[in-house]
1. Can you tell which of B:LEU21, B:LEU5, B:LEU16 is modelled with pLDDT of 95 or more, more than 21 Å from A:ALA76 (Cβ to Cβ) and at the interface with chain A (Cβ under 7 Å from one of its Cβ atoms)?
2. Go through segment A:134-153 and count every residue that is in contact (Cβ under 8 Å) with a residue 40 or more places away in the chain and more than 19 Å from A:THR80 (Cβ to Cβ).
3. Give the residue that is most open to solvent (accessible area, probe 1.4 Å), with candidates limited to residues of segment A:103-114 that are touching a residue at least 12 places away in the same chain (Cβ under 8 Å) and of a type in the set (D, E, K, R).
4. Looking at (1) at pLDDT 95 or above; (2) closer than 21 Å to A:LEU228 by Cα; (3) surrounded by fewer than 20 Cβ atoms within 10 Å (Cβ to Cβ), which is the one condition that is false for A:TYR171?
5. Residues in segment A:228-244: is at least one among the polar types (S, T, N, Q) and either open to solvent by less than 30 Å² (accessible area, probe 1.4 Å) or not in a helix (DSSP H, G or I) (or both)?
6. Determine which member of the set A:GLU108, A:GLU128 is more than 19 Å from the chain's Cα centre (by Cα) and within 19 Å of A:ASN210 (Cβ to Cβ).
7. Exactly one condition in (1) part of a loop (DSSP other than H, G, I, E, B); (2) surrounded by fewer than 24 Cβ atoms within 10 Å (Cβ to Cβ) is not met by A:ARG144; state its number.
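The values are calculated or read from the model by the stated rules, or taken from the named source; none is laboratory data. Because the structure is predicted, anything quoted here is derived from the model rather than measured. As a convention, Cβ positions derive from the backbone with ideal geometry for all residues, glycine included, and neighbour counts pool all protein chains shown. Side chains are part of the model used for accessible areas, which takes the heavy atoms of the whole protein and leaves out ligands, DNA and RNA. Shrake-Rupley method; radii C 1.70, N 1.55, O 1.52, S 1.80 Å.
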Amino acid sequence: MDGEDDFELGGRRYRSRLIVGTGKYADFAETRRAIDASGAEIVTVAVRRVNVTDPGRENLLDHVPPEIFTILPNTAGCYTAEEAIRTARLAREAGVGNLVKIEVIGDEKTLFPDVPATIEASRVLVKEGFLVLPYVTDDPVACRRLEDVGCAAVMPLAAPIGSGLGIRNPYNLKIIIEQSRVPVIVDAGVGCASDAARALELGCDAVLMNTAIAGARDPILMAEAMRLGVEAGRRSFLAGRIPRKLHASASSPIEGMLD
Amino acid sequence: MEIRLNGETRAVEDGLSVADLVASLGLGGRRVAVELNREILAREDYPATRLSAGDVVEVVQFVGGG
């Protein structure tokens, strides 16, 4: 399937349909090994204050160079549209391109997004030339509004961030996939490789995850499992599954049975 | 003079440029972004921008995240 099934995002083509985060790893070396094992070409990063009392320390981008990877800065931790817009502008000024993952949190405990604020931040940033990828609930109407304001993709959650609960509402995702003219990327909630496969089997264009890999007992092995899960799910989707039937349908012929 | 740098009070020499501040932090040439009194400062303006007492400066970079 080389080259014939690329994932297109913001005018660029990618071989991998897995986007990975860079948080929660033991160190930058492990982060890079996990990314390499995952095969991801797009990686998310957060924007934070430099530690001014010890600023000379190693930098994430030394290990995950923007010359090799597409850097997708996020607005994680923002609770208002204004904070998210400010963070996105800072990220762009730091010089890794126009992509931004908009995340406006509406609730501290569930980390569910504040949808009206997400739409507002996205609307402003699209006008400023950003390629906006919004983290959003698995709500078809919210996803449509985000597409209407010009988002480059929609990123519905499968389950709460970091929960590992897998795809809680495959039917909503199906509706979102059916209606969307932009890529649908499942963002958050994946726990294991079969969850990732399921997302792609449903017809999602890509899946974004962090904790499921970084929090696994063996992150590098899980990164590889996720790569295979995503590839298997995509092929399964393209191949077209058989319809579900209540009763059996024998695989072996009846003819030629012994008397 | 004193400025506020990333939420902390910091003594710096009078009229220090933003470029020199960034360099003094070991971040010259790094992918960082600077806000001066809530306004984002373009990289090309770092050398000509001189800090004043009481300025509020934020210097951010990329860290691990999801």
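1. Working: B:LEU21 fails: at the interface with chain A (Cβ under 7 Å from one of its Cβ atoms); B:LEU16 fails: at the interface with chain A (Cβ under 7 Å from one of its Cβ atoms).
From the options B:LEU21, B:LEU5, B:LEU16, the qualifying one is B:LEU5.
2. 3
3. Residues of segment A:103-114 touching a residue at least 12 places away in the same chain (Cβ under 8 Å): A:103-106, A:110-114.
Narrowing the set further to residues that are of a type in the set (D, E, K, R) leaves A:103, A:114.
Working: A:GLU103: 13, A:ASP114: 52 Å².
Within segment A:103-114, the match that is most open to solvent (accessible area, probe 1.4 Å) is A:ASP114.
4. (2)
5. At the first step, the residues of segment A:228-244 found to be among the polar types (S, T, N, Q) are A:236.
Remaining after also requiring either open to solvent by less than 30 Å² (accessible area, probe 1.4 Å) or not in a helix (DSSP H, G or I) (or both): none.
Looking for residues that are among the polar types (S, T, N, Q) and either open to solvent by less than 30 Å² (accessible area, probe 1.4 Å) or not in a helix (DSSP H, G or I) (or both), one finds none in segment A:228-244, hence no.
6. Matching residue, one of A:GLU108, A:GLU128: A:GLU108.
7. (1)
Every residue, every condition in (1) without any contact (Cβ under 8 Å) to a residue 60 or more places away in the chain; (2) farther than 15 Å from A:VAL43 by Cα, yes or no:
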| position | (1), (2) |
| --- | --- |
| A:ASP62 | yes, no |
| A:PRO66 | yes, no |
| A:ILE71 | yes, no |
| A:ARG89 | yes, yes |
| A:LYS101 | no, no |
| A:PRO116 | yes, yes |
